[in-house]
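Okay, structure first, notes after.
The values are calculated or read from the model by the stated rules, or taken from the named source; none is laboratory data. The structure presented is a predicted model; accordingly, all values stated were derived computationally and were not measured. Every residue, glycine as well, gets a Cβ built from its backbone with ideal geometry; the counts of neighbours run over all protein chains shown. We work out accessible area using only protein heavy atoms, side chains counted, and drop any ligands, DNA or RNA first. Shrake-Rupley method; radii C 1.70, N 1.55, O 1.52, S 1.80 Å.
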Amino acid sequence: MTQRTHRVRPTVGGRIAGLASALLMAGLLLPVSPVSAQGSRIKIGLMLPYTGTFAALGTAITNGFKLAVEENGGKVGGRELEYFTVDDESDPAKAPENANKLIKRDNVDVLVGTVHSGVALAMSKVARDNNTLLIIPNAGADEITGPLCAANVFRTSFSNSQPGIAMGRVMAEQKKKTAVTLTWKYAAGEESVGGFKEAFEAGGGKVVKELFLPFPQVEFQSYLTEIAALKPDVVYVFFAGGGAVKFVKDYAAAGLKNTIQLVGPGFLTDGTLEAQGDAAQGLLTTMHYGEGVSNPKNAAFRAAYAKAYKVDPDVYAVQGYDAAQLLIAGAKAVNGDLTKRAELVKAMETAKIDSPRGAFALTRSHNPIHDIYLRRVEGKENKVIGVAVKNLTDPPRGCKL
Ligand code: PHB
């Protein structure tokens, strides 16, 4: 784990504060009012992957978050921010310690993270135990906005089953009869495939084989041999980041691309097209974003992001951007005083987020209700070719909020 924190050194301001408390003790000064207490910086704990197969995703989320804050004058609820950053390495075993450090040692006001569902499940437990506000800018673990939902936990990305449900419907509508699924064996892969299977079979298809390999392994050869032998109508996979790049290239190199249709949630081809090149051309995916989503917010966002970071944004950048937008909406309602938790939560729950994906609201369990687009890879773009499911909400799964 690399710890890169940005702390405020005792400054002239700090020495003045010391003098003030001495005067206060001597009874020469009135106590600090809540308003001036709000003048301090809001501490944001960014717990994201900056190494490993999801490294690029963590960076895009960080960039998106910071862009929204910059566009808001560098402030949230009128207060400046101080960032504390932890590389979570997409390692669930290290997650409780990493989250606890941010909360107990660095005293962050808000925890933002992460990409990997297993890490996010551990973070959400720590956040619930400490009643720390948590905003999840990617990890889709269904349970977090299901039975594990909590007033202090929000998500600005998706739940894992959402893109899978959409692709299952599309493939059933296209009259595909048989499918094989392949993914990493952990919550995200299982739930993504679960959503696909549920919708595909409800539409008359049959998943004939579910294949798994441990996260984050990328030795795909034996699975490709098995797929070639099974000859399904379609193959649905969940992979992302570096793993998605390798899988798409290996699938094409094995000669399967033109014989058995490959589909997946948009993570398969998001932020990866440069590296995947020809191997990705024509692939169909389902996702709550696509480069060409046509609205003024997306156009402005894409231009601002490209200007700031010299690269084009992807879905992860959008989700990070929206995490900051959600926090900004809540903090505005309480004038920067995040201790007004009930008001803050209410404002976040009822916020309408003007997202580059299209404006969205949250479910009662704090997950976005959004359109899931159908996209086809054309050149370096995930071209939006339709809406697979409009206003997709989370299936009700036991959230008691
Ligand atoms: C997850 O673990 O929930 C996850 C990871 C990467 C993605 C999407 C979901 O691109």
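Please compute the length gained on full extension between A151 and K297, using 0.36 nm multiplied by the number of residues separating them and subtracting their Cα-Cα distance.
49.7 nm
Roughly what % of DSSP beta bridges within the chain run antiparallel, to the nearest 5?
Here the share of antiparallel DSSP bridges comes out near 35 percent.
How large is the helix-only mean residue ellipticity at 222 nm for the chain, computed as the sum of -39500 (n - 2.57) over DSSP H runs with n ≥ 4, divided by its residue count, in deg cm²/dmol to the nearest 500?
Theoretical 222 nm ellipticity from helices: -12000 deg cm²/dmol.
Given the convex hull over the Cα atoms of region 244-334, what projected area results after averaging over all orientations, in nm²?
Value for region 244-334: 7.1 nm².
For Cα pairs less than 8 Å apart in space and 6+ apart in sequence, what is the mean separation divided by the residue count of the chain, i.e. the relative contact order in percent?
18
Ratio of Rg to Rh for region 253-401, alpha carbon only, Kirkwood?
The Rg/Rh ratio comes out at 1.04.
Per the Kirkwood formula on distinct C-alpha pairs, the Rh of region 328-389 is how many angstrom?
Roughly 13.7 Å, rounded to one decimal.
Probe radius 1.4 Å, ligands and nucleic acids left out: which of D312, D87, D354, D250 has the largest accessible area, and how do the rest follow?
Solvent-accessible surface, decreasing: D312, D354, D250, D87.
Whenever you get a sec, line up K310, K400, K66 from highest to lowest accessible area (probe 1.4 Å, protein heavy atoms).
K400, K310, K66
Among the listed pairs K43/K340; K175/K197; K66/K340; K177/K257, which have their C-alpha atoms separated by more than 20 angstrom in this model?
K66/K340
With every protein chain left in place, what is the accessible area per residue of region 63-175 in square angstrom, probe 1.4 Å?
I get 29 Å² per residue for region 63-175.
Using only alpha-carbon positions, what ratio does the radius of gyration of the chain give when scaled by 2.2 N^0.38 Å?
1.03
On a 25 Å Cα-Cα criterion, which of the cross-link pairs K209/K249; K307/K332; K176/K209 come out too long?
K307/K332
How big, in percent, is the set of alpha carbon pairs in region 182-229 lying more than 15 Å apart?
Across region 182-229, Cα pairs with separations above 15 Å total 50 percent.
Based on the Cβ-Cβ distance from L230 to N258, what FRET efficiency comes out when R0 is 22 Å, to the nearest 0.05?
Calculated value: 0.85.
Cα atoms only, region 277-319: Rg and Dmax in Å?
Over region 277-319's Cα set, Rg and Dmax evaluate to 11.8, 32 Å.
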